[in-house]
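The values are calculated or read from the model by the stated rules, or taken from the named source; none is laboratory data. Since this is a predicted model, take the numbers as computed values, not measurements. All Cβ positions, glycine included, derive from the backbone under ideal geometry; neighbour counts span all protein chains shown. SASA here: full protein model, heavy atoms, side chains in, ligands and nucleic acids out. Shrake-Rupley method; radii C 1.70, N 1.55, O 1.52, S 1.80 Å.
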Amino acid sequence: MKEFRKDDRMASLISANHYLLPVIHRFGIRLGFKNKTVAELCAKYKINSDFFIAIVNSFHNPNYFPEEKLLSFSPLLIIDYLKKTHRYFVRYSLPGIEKRLHQLQLSSPEGSHEMLSIENFYLEYKKKLLAHIADEEERVFPYIVGLISSPESIENKKLHLSFEEEHHNVDLEIDDLKNLLIKYTNPVYDELICNELLIEIFRFEKDIIDHARIEDNILIPQVNQIQNQR
Ligand SMILES: [Fe+2]
Ligand SMILES: [Fe+2]
């Protein structure tokens, strides 16, 4: 699989993989790329182009994970990207899934218990995911920012951070949701809506796995390293 470089034209990244659209958007880069390269656009938007290209490549090719490279960036830069991704999940991905789920329910026979239980399953999932995101934003990220900006203030409050189990559970549940729809639900609803919903869920799943991987394999080891230096 091709590895993108900074002198590639931004438009060619989209042609190669249109799933990169939200990733690029997250960095604040707007469409209307003309023939500008990645490096040119990053300069225009004042974005660290090494970071941008590392994130884009690891999203594009799940087998390519430039761990060394990513570990070399400031945790603040990584947190900023993670927060933008959270915002995208909360404001766009989850409402999108929810909307289609609701359409699907409306397209099925009135009072369909299956559809109601799927919707309830999803709402439970969403609640857990939002709680997880809130914990990161309100407790974990501020702790890390504090650790970097004024280490003395958190001298005696070493947090032991690990998200792996929670991430794993979130992954399992999204998998369950897919399986309910693909394998176990009686297809008495509008299948085109269901297909759209599944495509949306698959897209979200890819995004969230990529996100969790950056937290588990980059951010947490960085924090452990800073804590151990002290
Ligand atoms: Fe997160
Ligand atoms: Fe997380």
Evaluated at q = 0.15 Å⁻¹: base-10 log I(q)/I(0), Debye formula over Cα of the chain | -1.07
Where nothing but the Cβ of Lys and Arg (+1) and of Asp and Glu (-1) is charged, how large is the charge dipole of the stretch 10-69 around its Cα centre, in debye to the nearest 20?
-> 360 debye
If you put +1 on each Lys and Arg Cβ and -1 on each Asp and Glu Cβ, how big is the dipole of the chain around its Cα centre, in Debye rounded to 20?
-> 1160 debye
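Taking only protein heavy atoms into account and a 1.4 Å probe, give the accessible area per residue of the chain in Å².
Computed with neighbouring chains in place, this is 54 Å² per residue.
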In straight Cα distance, which lysines are under 21 Å from Lys46, not counting same-chain residues fewer than 8 positions off?
-> Lys6, Lys34, Lys36, Lys69, Lys83, Lys84
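Any idea what the dipole of the stretch 11-143 comes to, in debye rounded to 20, about its Cα centre with Lys/Arg Cβ at +1 and Asp/Glu Cβ at -1?
The dipole magnitude comes to about 640 debye.
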How big is the equivalent ellipsoid of the stretch 182-224 along its three axes, where each semi-axis is √(5λ) from the Cα gyration tensor, reported in whole Å from largest to smallest?
-> 35, 9, 5
So, with a 1.4 angstrom probe, what is the percent of accessible area on the chain that is carbon and sulfur?
-> 52 percent
Rank these residues by their accessible area, most exposed first, probe 1.4 Å: Leu104, Leu180, Leu198.
-> Leu180, Leu198, Leu104
Any idea how far apart Ala43 and Glu137 come out in nm if each label point goes 7 Å out from Cα toward Cβ?
-> 3.5 nm
